[in-house]
Amino acid sequence: MSRKPIIAGNWKMHNNNAQSVELTEGLKAELKEIDKNLLPEVVIAPVFTSLYVVNEELNKCGCGKIKMASQNCYYEPKGAFTGEVSIDMLKDFSNLEYVIIGHSERRQYFNETDEMINKKAIAILANGLIPIVCCGETLEQREEGITDKHISTQITKAFENISAEDTAKSVIAYEPIWAIGTGKTCDSVEANRVIKMIRETIKSLKGENAANSIRILYGGSVKPETIEEQMAQSDIDGALVGGASLKADSFAKIVKGAMAKASV
Ligand code: 13P
């Protein structure tokens, strides 16, 4: 079963409109000479306020090599929810196919719960977009030996009341919290082990087809120097990249590091 790899750049709270356009232009230039069919899916996730200009910039090349994700959404379609953005509003952007949900920073700083993440995943799929559901353990949980239990609980709750078919289309990002923004990448073999465990969890919940189809990414200090080894693992289907996605050349190197698996 071949799964198309994804390299996604989570820009987090960086870049105003001018900087977002500049980074997008830079990335387009880096990927210009490469045949689209040889690339993994390339996804960038700007801040909400830059989605419009980045979408316009992507339309200019018309090559469809780069897609967009938003970093969050709200699950209600509209109404008195000051400061929130609905999925219907995200559908304004023709290049936006993915929505990141449940990032550890949102869980930690904005009290996002498993229940909210589940509601978001259901609403995203009902609107024809694809959730990138993040999960991961803290250093304390790892040291306590409860990594697998914690992650399988996060995944079980995130996919409650979601069909096998919708699960198959979805994306999961395993991001150990201790590896995010620390420069300490999780050992590739260990990341692959956890990702296999996530796939087994999906298999027991939704069946073999969903487990074989769902793409599971690794995130946490991914760098140009680490990507090839990560992609060489059996179950790692790509990367969710933070810091190294903020420079066109380093992100492009990561994209290129995933090409071997993309053309299999
Ligand atoms: P870093 O690549 O900066 O560690 O961030 C990872 C991440 O949180 C992506 O969502």
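Hand me the tally of lysine pairs in the range 54-163: alpha carbons under 23 angstrom apart, and the pair either on different chains or 8 or more positions apart.
Step by step, the pairs that qualify in the range 54-163 add up to 14.
Residue separation times 0.36 nm, minus the C-alpha to C-alpha distance between Glu33 and Asn212: what's the value?
Gain in length upon complete extension: 61.3 nm.
If you scale each eigenvalue of the Cα gyration tensor by 5 and take the root, what three semi-axes come out for the chain, rounded to whole angstrom and sorted largest first?
25, 22, 18
Please calculate the 1.4 Å probe accessible area of Phe48, with all protein chains present, and give it to the nearest 10 Å².
Here the accessible area works out near 80 Å².
Taking every DSSP beta bridge with both residues inside the range 1-72, roughly what % is antiparallel (nearest 5)?
Counting DSSP beta bridges with both partners in the range 1-72, the antiparallel share is about 0 percent.
I'd like to verify something in the chain: which complete DSSP H helices, judged by Cα projection on the helix axis, reach 15 Å or more and average at least -1.0 on the Kyte-Doolittle scale?
Span-like helices in the chain: 17-31, 51-61, 114-126, 147-158, 188-206.
In debye, nearest 20, what is the charge dipole magnitude of the range 58-173 about its Cα centre with +1 on Lys and Arg Cβ and -1 on Asp and Glu Cβ, if you could check?
Dipole about the Cα centre, nearest 20: 540 debye.
Once the whole set of protein chains is in place, how much accessible area is left on Ile146, using a 1.4 Å probe, in Å² to the nearest 10?
Approximately 60 Å² for this residue.
Which one, Ile202, Ile132, Asn55, projects farthest toward the positive side of the charge dipole computed for the chain from Cβ point charges (K/R +1, D/E -1)?
With unit charges placed on the Cβ atoms, the residue in question is Asn55.
What's the magnitude of the charge dipole for the chain around its Cα centre, counting Lys and Arg as +1 and Asp and Glu as -1 at the beta-carbon? Answer in Debye, nearest 20.
Computed charge dipole of the chain: roughly 420 debye.
Using DSSP to define loop residues, name the GluC sites (Glu not before Pro) in the range 137-166 whose beta-carbon has at most 15 other beta-carbon atoms within 10 Å.
In loop regions of the range 137-166 (DSSP not H, G, I, E or B), the sparsely surrounded GluC sites (Glu not before Pro) are Glu160.
Compute, for the range 137-264, the length of the dipole vector about the Cα centre, with Cβ point charges of +1 (Lys, Arg) and -1 (Asp, Glu) only. Units Debye, rounded to 20.
The calculated dipole for the range 137-264 is roughly 340 debye.
Which whole-number percentage describes the relative contact order of the chain, with Cα contacts under 8 Å and a sequence gap of 6 or more?
23 percent
Taking 0.36 nm per residue of sequence separation and subtracting the Cα-Cα distance, how much length would be gained by fully extending the chain between Lys149 and Ser163, in nm to one decimal?
Result for the pair: 2.8 nm of gain on full extension.
With the cut-off at 1.5 for a/c, could you classify the range 58-147 from its C-alpha gyration tensor as rounded, prolate or oblate?
Oblate, since a/c reaches 1.5 and b/c is not below a/b.
With the other protein chains left in place, how much accessible area per residue, in square angstrom, belongs to the chain at a 1.4 angstrom probe?
Spelled out: the 1.4 Å probe surface of the chain, per residue, equals 45 Å².
Name the most mobile residue of Tyr98, Tyr75, Tyr218, meaning the one with the largest mean-square fluctuation, in a Gaussian network model of the chain with Cα contacts below 10 Å.
Tyr75
By a straight-distance test (C-alpha under 16 Å), which aspartates and glutamates pair with Lys256 as possible cross-link partners, with residues fewer than eight away in the same chain excluded?
Hits, sequence-local ones excluded: Glu30, Glu33, Asp35, Glu41, Glu225, Glu228, Glu229, Asp237.
For the chain, what is the calculated [θ] at 222 nm in deg cm²/dmol (nearest 500), taking -39500 (n - 2.57) for each run of four or more DSSP H residues and dividing by its residue count?
-12500 deg cm²/dmol
The values are calculated or read from the model by the stated rules, or taken from the named source; none is laboratory data. Being a predicted model, the structure only gives us computed values, none of them experimental. Note that each Cβ is placed from the backbone with ideal geometry, even for glycine, and that neighbours are counted across all protein chains shown. Surface accessibility is based on the protein's heavy atoms, side chains included, excluding ligands, DNA and RNA. Shrake-Rupley method; radii C 1.70, N 1.55, O 1.52, S 1.80 Å.
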